Amino acid sequence: MAARIEWRQATLRATTDLAPDIRMFEIMPEGDFVVPAPGSHLNVTVHIDGRADARSYSTVGPCDDGAWRIAVKRLPESRGGSAYMFTLKAGARMTVSTPGNHFPLATGRPQYLLIAGGIGITPIYSMVLALAKAGADYRVLYAVRRPEDLALADRLAAVAGDRLQTFVDGLGQSIDIAAEIDALSPQGELYLCGPIGLMEAVKRAWAAAGRPVAQLRFETFGASGRFATVPFTVEIPRLGKTIEVPANRSLLEALEGAGVAMIHDCRRGECGLCALPILEADGIVDHRDVFFSDEEKADNAKLCTCVSRLAGGTLTLDTADRAA
């Protein structure tokens, strides 16, 4: 059971650019300091188009000196959270939560394989530091699109040495996922954070190898899909509603903004609480969650409204909300 989080006022102490579009934020919270465990995240209040919202960012490093650190990637398809974060300067006042953790690192395993794609390196980095300190047997594979995207690579290399291997897609380099899984101890665990394509490939290879589901642990940042993020229309016949979903808002946010009562928790495509039945889609449903299986996604019976979208056109949904 995850510890209950509390919201705190805080001050931004400093920022550091780790890559052209990745920035680290050092945050000094008020009140008793909580040291985040590896895999932890902070919820941060952001302001988008005059309204307050929340975003979740993984903590970076041990954060044991009185400051919490997060790294944020500014994405072209951002709904506004990362754009807002990049406006903040040292001294800015912030509202943040105490650390939560949906991606805990287990101890005492005979071997660990850690795979990160892009900004997914942030929770993996903290895990590497903890495993190195514990003297554990581990390897870390870090894949990016361009050489300049290798945020934290130098810091990782200083700790992990030859246990770290990097892969740059633009240079024709890729992870041999099946071979890496085959080389992992039968009792070893794999920890994964990255875009949906990488996550699906690892999950398929893990299942094909006959590995126990419980030994594969993953976290998604819920921002990537197979298709470009574009506006689309949602119709809910039961409620007589037609809702426009702009490119910079999630389907869940658009539904809430239109007064549709929704149940949700993670907002990351992991828990499935926000899923709604699909009645009809005249475009391609871009399933960006890790909750539904490949078979369920192919059926197009439901979608997780917090991350999944339509690649243009009109999506017709049902909902349990019977309010007018």
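Of all the residues in the stretch 48-70, those that are loosely packed, with under 15 Cβ neighbours inside 10 Å and in contact with a Phe, Trp or Tyr (Cβ under 6 Å, 6 or more places away or on another chain) number 1. Against the numbered list (1) under 22 Å from Ile119 (Cα atoms); (2) of a type in the set (Asp, Glu); (3) surrounded by fewer than 18 Cβ atoms within 10 Å (Cβ to Cβ), Asp182 comes up short only at (1). Arg267 passes every criterion in (1) of a type in the set (D, E, K, R); (2) in a loop (DSSP other than H, G, I, E, B); (3) at pLDDT 95 or above apart from (3).
Contact annotation: residue pairs with Cβ atoms under 8 Å, 6 or more positions apart or on different chains, pairing a residue in the stretch 74-86 that is closer than 12 Å to Arg23 by Cα and among the charged types (D, E, K, R) with a partner that is surrounded by fewer than 20 Cβ atoms within 10 Å (Cβ to Cβ) and modelled with pLDDT of 85 or more, are Arg74/Asp21; Arg74/Ala83; Arg74/Phe86. Here Tyr57 passes the criteria (1) within 15 Å of the chain's Cα centre (by Cα); (2) assigned by TED's automatic domain parsing to the domain that holds Ala158; (3) among the aromatic types (Phe, Trp, Tyr) except the one numbered (2).
Just to be sure, is Ala275 within 22 Å of the chain's Cα centre (by Cα) and buried (at least 19 other Cβ atoms within 10 Å of the Cβ)? In short, yes. When Gly257, Gly240, Gly210 are screened for being assigned by TED's automatic domain parsing to the domain that holds Gly117 and either among the basic types (Lys, Arg) or surrounded by fewer than 16 Cβ atoms within 10 Å (Cβ to Cβ) (or both), only Gly210 passes.
For the stretch 291-321, filtering for residues that are closer than 14 Å to Ile236 by Cα, surrounded by 15 or more Cβ atoms within 10 Å (Cβ to Cβ) and without any contact (Cβ under 8 Å) to a residue 24 or more places away in the chain leaves 0. From the list Leu75, Leu131, Leu88, the one residue that fits, being within 17 Å of the chain's Cα centre (by Cα) and of a type in the set (A, V, I, L, M, F, W, C), is Leu75. Checked across the stretch 305-322, the condition of being in contact with a Pro (Cβ under 8 Å, 6 or more places away or on another chain), acidic (Asp, Glu) and more than 28 Å from His47 (Cα to Cα) holds for at least one residue.
One line per residue, one yes/no per condition, for (1) among the charged types (D, E, K, R); (2) over 19 Å from Ala160 (Cβ atoms); (3) surrounded by fewer than 24 Cβ atoms within 10 Å (Cβ to Cβ):
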| site | (1), (2), (3) |
| --- | --- |
| Met94 | no, yes, yes |
| His102 | no, yes, yes |
| Pro110 | no, no, yes |
| Leu113 | no, no, yes |
| Ile121 | no, no, no |
| Ile124 | no, no, no |
| Val128 | no, no, no |
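Scanning the stretch 279-301 for residues that are outside any loop (DSSP other than H, G, I, E, B), farther than 18 Å from Pro231 by Cβ and in contact with a Lys or Arg (Cβ under 9 Å, 6 or more places away or on another chain) gives Asp294, Glu296. Pairs are defined by a Cβ separation below 7 Å, a sequence spacing of at least 6 or placement on different chains, a first member in the stretch 143-158 that is at positive phi, and a second member that is surrounded by 13 or more Cβ atoms within 10 Å (Cβ to Cβ); the pairs so defined are Leu152/Leu18; Leu152/Ile121; Leu152/Tyr125. For the stretch 27-36, the candidate set comprises residues that are crowded, with 19+ Cβ neighbours inside 10 Å and out of contact with any Leu (no Cβ under 7 Å at 6 or more places or on another chain); within that set, the residue that is farthest from Asp149 (Cα to Cα) is Pro29. Just one of (1) of a type in the set (A, V, I, L, M); (2) closer than 22 Å to Ser82 by Cα; (3) in the same structural domain as Gly194 (by TED's automatic domain parsing) fails for Leu216. It is (2). Here are some residues: Val159, Val168. Which one is among the aliphatic types (A, V, I, L, M), closer than 29 Å to Val34 by Cβ, surrounded by 14 or more Cβ atoms within 10 Å (Cβ to Cβ) and modelled with pLDDT of 95 or more? None of the others qualify; the one that does is Val159. Among the residues of this structure, Glu280 does not count as one that is surrounded by 14 or more Cβ atoms within 10 Å (Cβ to Cβ) and either in contact with a Phe, Trp or Tyr (Cβ under 6 Å, 6 or more places away or on another chain) or charged (D, E, K, R) (or both).
The values are calculated or read from the model by the stated rules, or taken from the named source; none is laboratory data. What you are looking at is a predicted structure, and each value in this text was computed from that prediction instead of being measured. Every residue, glycine among them, receives a Cβ derived from its backbone with ideal geometry; neighbour counts consider all protein chains shown.
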